[in-house]
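Notes follow once the structure below has been shown.
The values are calculated or read from the model by the stated rules, or taken from the named source; none is laboratory data. Being a predicted model, the structure only gives us computed values, none of them experimental. Positions of Cβ are generated from backbone atoms using ideal geometry, with glycine treated the same way; all protein chains shown enter the neighbour counts. Areas reflect the complete protein model, heavy atoms only, side chains present, ligands, DNA and RNA absent. Shrake-Rupley method; radii C 1.70, N 1.55, O 1.52, S 1.80 Å.
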Amino acid sequence: MRNLRLSQRSGCTTVAHMTTPHTIAVLGLGRMGGAIATRLAAQDWDVVGWTRSGRTSGTVRTTRDPNEAVAQADLVLLALFDGPACRQILDDVRDSLRTDAIVLNTSTVAPAEASRLARRLGPSYIHAPLLGSVPAAAAGTLQILAAADQDVLDRVRPVLEALGTVRRADDAPTAAALKLIANSGLAGAVLALRDSLRQADALGLPRAQTLDVLELGRLGGLVAVKRHFLLGEPSAAAAEFTIGALAKDMALLAAASDTPLRSAAGLAGTPASPEADIAVAATVPAVEEAVLTPLRAYIRGHATGDPAHFRDAFLPTAHIEGVRDGAFVSWRLDEYCALFQGRPAPDEPTRTRRIDAVDVHGTVATATMTLSHGADTFTDIFLLVRADEGWRIANKAYHRH
């Protein structure tokens, strides 16, 4: 049997010889917490689990009272959804924590939250977010970003190594930040896959054939393991990592870095259940045609030189703004339409225009377009609103390269 015990000496947490048997309390038996508890129990650790939902496990002893689980435990492992859940449960069980217990937090939280928890619990706290999902937890192949005092980390290393490979982090906020960065790569892959599938749909390509080709490239691993979700096929497989959880992580990263993060909005706006697998976020159809209608009218206006198309595209109150010949201009719609003579530009056959991005947020949307007009390239930024008559462009700002 394994040993795991800390003792208190002169008000400090110090390492002492450990006795057997020991108990690990796993607080949170969701997808990951349940897989972790099951894995540890299968490795002959004495595990007692608790979850807010009251969910039970056929392979892990559970209790309805987290205090009961914590009171038995040398090691308290948190596998909770977010920082507020960690704070709440630690507040709830504070009086039941043994003075010699170690708290091992595998939850994904903000760096500042990890720092606060580390200060609060002192040297008995290990911040150890996990890289990998449910299958990796079940197989013991997780990558574990562990931050703790060396002696405390050494004492729980056998537990961690039953779950995967330990990678030491400098401190709790660093471990938390690295986990968010790792998940940002996953979010980027999901959204890249979304873009590819949307373009394939626009080209009329069969979904299965598209996935066959994508599986040959850089997104191949994601496509291979998520194929049934991407095809919308009925499956008994549960979500390993949900849209809601990944969206939460990207919101934490954007807030912590104070830097724009496209995937934060891209995932948060996914019209699917937060409990759906992240792969479902890649299957969201392209922006509805109604949002694109005014943008296409705007393109027709440039292509034909007919200002009537601009009146279809813009609200009557719209302004078009930018820098022209070194001076800032702000045209009303009538002034802008007066710039066009009702006929195409002489070099129209060589001109190109493309819609780069459209982001819809309820009744408002933003869009970016690139126009290559002879020697000049324009970047147009649009604000659109959904009015009574449908979507229209409220304002446009442009940059002339």
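Against the test of being in contact (Cβ under 8 Å) with a residue 60 or more places away in the chain, small (Gly, Ala, Ser) and under 22 Å from Ser263 (Cα atoms), the options Ala365, Ala318 yield a single qualifying residue, Ala365. Among the residues of the stretch 306-324, is any of a type outside the set (S, T, N, Q), surrounded by fewer than 16 Cβ atoms within 10 Å (Cβ to Cβ), out of contact with any helix residue (DSSP H, G or I) (no Cβ under 6 Å at 6 or more places or on another chain) and part of a loop (DSSP other than H, G, I, E, B)? No: the stretch 306-324 contains no residue that is of a type outside the set (S, T, N, Q), surrounded by fewer than 16 Cβ atoms within 10 Å (Cβ to Cβ), out of contact with any helix residue (DSSP H, G or I) (no Cβ under 6 Å at 6 or more places or on another chain) and part of a loop (DSSP other than H, G, I, E, B). Among the residues making up the stretch 291-305, those that are without any contact (Cβ under 8 Å) to a residue 60 or more places away in the chain and either over 20 Å from Met369 (Cα atoms) or open to solvent by 60 Å² or more (accessible area, probe 1.4 Å) (or both) are Arg296, Arg300. Checking the stretch 331-350 against the condition returns no match, with no residue being within 39 Å of the chain's Cα centre (by Cα), modelled with pLDDT of 95 or more and closer than 17 Å to Ile299 by Cβ.
Can you tell me which residue among Arg39, Arg64 is of a type in the set (Lys, Arg), open to solvent by less than 60 Å² (accessible area, probe 1.4 Å) and either touching a Cys at 6+ places or on another chain (Cβ under 7 Å) or modelled with pLDDT of 90 or more (or both)? So that I can check it myself, show each step before the final result.
On the way: Arg64 fails: open to solvent by less than 60 Å² (accessible area, probe 1.4 Å).
Only one candidate passes the filter, namely Arg39.
I'd like the residue in the stretch 387-401 that is of a type in the set (D, E, K, R) and in contact (Cβ under 8 Å) with a residue 40 or more places away in the chain and, out of all such residues, is most open to solvent (accessible area, probe 1.4 Å). Of everything passing the filter in the stretch 387-401, Arg400 is most open to solvent (accessible area, probe 1.4 Å). Can you find a residue that is open to solvent by 70 Å² or more (accessible area, probe 1.4 Å), out of contact with any helix residue (DSSP H, G or I) (no Cβ under 8 Å at 6 or more places or on another chain), of a type outside the set (Phe, Trp, Tyr) and touching a residue at least 60 places away in the same chain (Cβ under 8 Å) anywhere in the stretch 208-219? No: zero hits. Filtered by the rule that a residue be touching a strand residue (DSSP E or B) at 6+ places or on another chain (Cβ under 8 Å), at pLDDT 90 or above and either closer than 26 Å to Glu233 by Cβ or surrounded by 15 or more Cβ atoms within 10 Å (Cβ to Cβ) (or both), the stretch 256-290 gives Pro274, Glu275, Ala276, Asp277, Ile278. Taken over the stretch 69-86, the criterion of being out of contact with any helix residue (DSSP H, G or I) (no Cβ under 8 Å at 6 or more places or on another chain) and not hydrophobic (A, V, I, L, M, F, W, C) is satisfied by Gln72, Asp74, Pro84. All of (1) open to solvent by 40 Å² or more (accessible area, probe 1.4 Å); (2) out of contact with any strand residue (DSSP E or B) (no Cβ under 7 Å at 6 or more places or on another chain); (3) not charged (D, E, K, R) hold for Pro123 with one exception: (2).
Of the listed requirements (1) buried (at least 19 other Cβ atoms within 10 Å of the Cβ); (2) assigned to a helix (DSSP H, G or I), Glu240 misses just one: (2).
For the stretch 148-165, a residue qualifies if it is within 25 Å of the chain's Cα centre (by Cα) and surrounded by fewer than 18 Cβ atoms within 10 Å (Cβ to Cβ), and exactly one does: Thr165. Answer with yes or no whether Leu80 is assigned to a loop (DSSP other than H, G, I, E, B) and at pLDDT 95 or above. Here the answer is yes, as Leu80 does meet what is asked.
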